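This report concerns only the one structure given below.
The values are calculated or read from the model by the stated rules, or taken from the named source; none is laboratory data. Predicted, not measured: the structure shown is a model, and the values here were computed from it. With ideal geometry, Cβ positions are generated from the backbone for all residues, glycine too; neighbour counts draw on all protein chains shown.
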């Protein structure tokens, strides 16, 4: 499996500065890779006792059976990962409160390309870092995939996001999470985080804004955009019209389903 190389954070120590109420039901944070997984995880870690955080791994389909204890209703824990919608993943996570995080497919293309080019990612697509591909070709491969090495955008969103919409999940858009995490003192942020915590079965503490600020600190996430290193190519901040059209061709109706169009 591909490897993600990140430095450890200090959130366990920060967590212990706050009074923590024990979980009464397990929570699973499911997300599309490169959609703010660490941001959501780090924020919610500030609301859950450390000993109720399942920190063994980002749970994925190949390792699901190894981490079934994360979903045990008799020992509630906060866990996280990238799980396909399939029989085993639905059955195993059934006792949990499922949170589903995703981002606009247009922006995901750039985020995925940036991560693949970084020193923090190591996998079967190392040739992308060679400089042999132009930016246009690289972005196109993020959309259509690489045979035998990387799924297409359509395939990534189909089972990681869209299919879960036919199940019991609480959907979270990356863009809203980022905006409210950056400005937790607004009424909109209070509404957003109250709903998110309610979906997790967590009562809103009086000091919730301080917890959000600590969890959202980019320094605590080795995969945050500003912390990625070794990227030689200058990627655009916005996907151009031609590649947007290719996203729409590859996954027609997807952005509308996710609430982006």
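Some points to look at:
- Comparison of 99, 146, 91 shows that the only residue that is surrounded by fewer than 19 Cβ atoms within 10 Å (Cβ to Cβ) and either at pLDDT 95 or above or in contact with a strand residue (DSSP E or B) (Cβ under 8 Å, 6 or more places away or on another chain) (or both) is 91.
- Lone qualifier among 77, 34 - being on the phi > 0 side of the Ramachandran plot and crowded, with 17+ Cβ neighbours inside 10 Å: 34
- Among the candidates 22, 95, 73, residue that is in contact (Cβ under 8 Å) with a residue 12 or more places away in the chain, touching a helix residue (DSSP H, G or I) at 6+ places or on another chain (Cβ under 6 Å), part of a loop (DSSP other than H, G, I, E, B) and more than 30 Å from residue 236 (Cα to Cα): 95
- All conditions but one from (1) in contact (Cβ under 8 Å) with a residue 60 or more places away in the chain; (2) surrounded by fewer than 21 Cβ atoms within 10 Å (Cβ to Cβ); (3) more than 16 Å from the chain's Cα centre (by Cα) apply to residue 47; the one that does not is (2).
- Residue in region 182-191 that is in the same structural domain as residue 111 (by TED's automatic domain parsing), within 21 Å of residue 258 (Cα to Cα) and part of a helix (DSSP H, G or I) present: no
- Boolean, residue 195 is under 21 Å from residue 21 (Cβ atoms), part of a helix (DSSP H, G or I) and out of contact with any strand residue (DSSP E or B) (no Cβ under 6 Å at 6 or more places or on another chain): yes
- Filter result for residue 128 (assigned to a helix (DSSP H, G or I), modelled with pLDDT under 90, buried (at least 21 other Cβ atoms within 10 Å of the Cβ) and more than 17 Å from the chain's Cα centre (by Cα)): yes
- Any hit, region 3-11, residues being in contact with a helix residue (DSSP H, G or I) (Cβ under 6 Å, 6 or more places away or on another chain), part of a helix (DSSP H, G or I), modelled with pLDDT under 95 and assigned by TED's automatic domain parsing to the domain that holds residue 199: yes
- Scan of region 40-59 for residues that are part of a loop (DSSP other than H, G, I, E, B), closer than 16 Å to residue 19 by Cβ and in contact with a strand residue (DSSP E or B) (Cβ under 7 Å, 6 or more places away or on another chain), ordered by number: 48
- Selection count, region 201-216, where residues are crowded, with 20+ Cβ neighbours inside 10 Å and either assigned to a loop (DSSP other than H, G, I, E, B) or in contact with a strand residue (DSSP E or B) (Cβ under 9 Å, 6 or more places away or on another chain) (or both): 2
- Remark: residue 219 matches the filter, which requires a residue to be more than 16 Å from residue 34 (Cβ to Cβ), under 18 Å from the mean Cα position of the chain (by Cα), at pLDDT below 95 and not in a loop (DSSP other than H, G, I, E, B).
- Just one residue in the set 193, 174 is crowded, with 19+ Cβ neighbours inside 10 Å, at pLDDT 95 or above and farther than 20 Å from residue 32 by Cβ; that residue is 193.
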